[in-house]
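Undergrad: Encoded as structure tokens, here's the structure I'll be asking about.
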Amino acid sequence: MATVASGQETAAAAAAAASSQQAPASPPLPARHTALTPGPRASRFQQVLDSSLSHTLSKISWDNFAACYPTIAAQAPAVLRAVQKQMVDRLGALCKKEFDSVLQARNVVAKLNELESLVSEAERRRDDAGVVGSEVPVPPHMLPPDQILAAHLAPHLAQQQSQLNAKLQTVQAHNAKLFSDIQKQRAEMQSLIALLQKVFEDIDGANSQMDDVVDDLAKETRTVEAEMAEP
């Protein structure tokens, strides 16, 4: 275990050195305040560690130890008992030291307390939202086929809807430009029609004036022809 601890300390030192060489891009957010006193989960975790260690050390009982050294157990049982007790105590102390070192290095107590607060906050929000605690969520394999199909198709349909909305906006913008161009062309056509109507009116006025002149010229022509026809 000492070798494992030294390896962990070396890895932690290397990670700390690597992180110290990289400057953070932005200042970190303030850490969530967590109590250092072990909460229910941290206390239960410590109890499990102690129970596991006690169960492991119980394998080094006097009977098992004496069975490994039968001659010494028969000739000097007191000495062997002292050695067995010293070994168990030494292993227990080393294991507890290693456990405490790992707990401090990994900040286990604070993280378990943070988990405790997160769970409490989630339960409070659930109660505030009015969710009945007796309601059990339906497992996915028990959902109706239409809901499962909708859940699988929802991302694809959302993407298609987004693309269609973009195309619709493009078509609407193009149609608005075409409508503006058509309005301008209609205005130009109306101005041309008005100009043509004015030209036609001028032509009609000129024709009316020419009619009087043509009648006079026709009379004079007939008079001249009559005079020239006389002997």
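All of the numbers you see were taken from the coordinates with simple rules; none came from a lab. Since this is a predicted model, take the numbers as computed values, not measurements. Here the Cβ positions follow ideal geometry from the backbone for every residue, glycine too, while neighbour counts run over all protein chains shown.
Undergrad: Check cross-link reach from K177 to the lysines: straight Cα distance under 29 Å, and skip same-chain residues fewer than eight apart.
TA: Reachable lysines: K167.
Undergrad: Still on this model: Over the stretch 34-130, consider all pairs of different Cα atoms and compute the Kirkwood hydrodynamic radius from their mean reciprocal separation; express it in Å, one decimal.
TA: After inverting the pairwise mean of 1/r, the radius is 16.5 Å.
Undergrad: Here's a follow-up. Highest first, please rank the peptides 79-85, 108-114, 221-227 by the mean number of other Cβ atoms sitting within 10 Å of their residues.
TA: Packing proxy ranking, top to bottom: 108-114, 79-85, 221-227.
Undergrad: Which of S162, V224, A150 sits farthest toward the positive end of the charge dipole of the stretch 140-231, with +1 on the Cβ of Lys and Arg and -1 on the Cβ of Asp and Glu?
TA: A150
Undergrad: Still on this structure: Could you give the alpha-carbon Rg of the stretch 140-231 over 2.2 N^0.38 Å, rounded to two decimals?
TA: Compactness ratio reported: 3.14.
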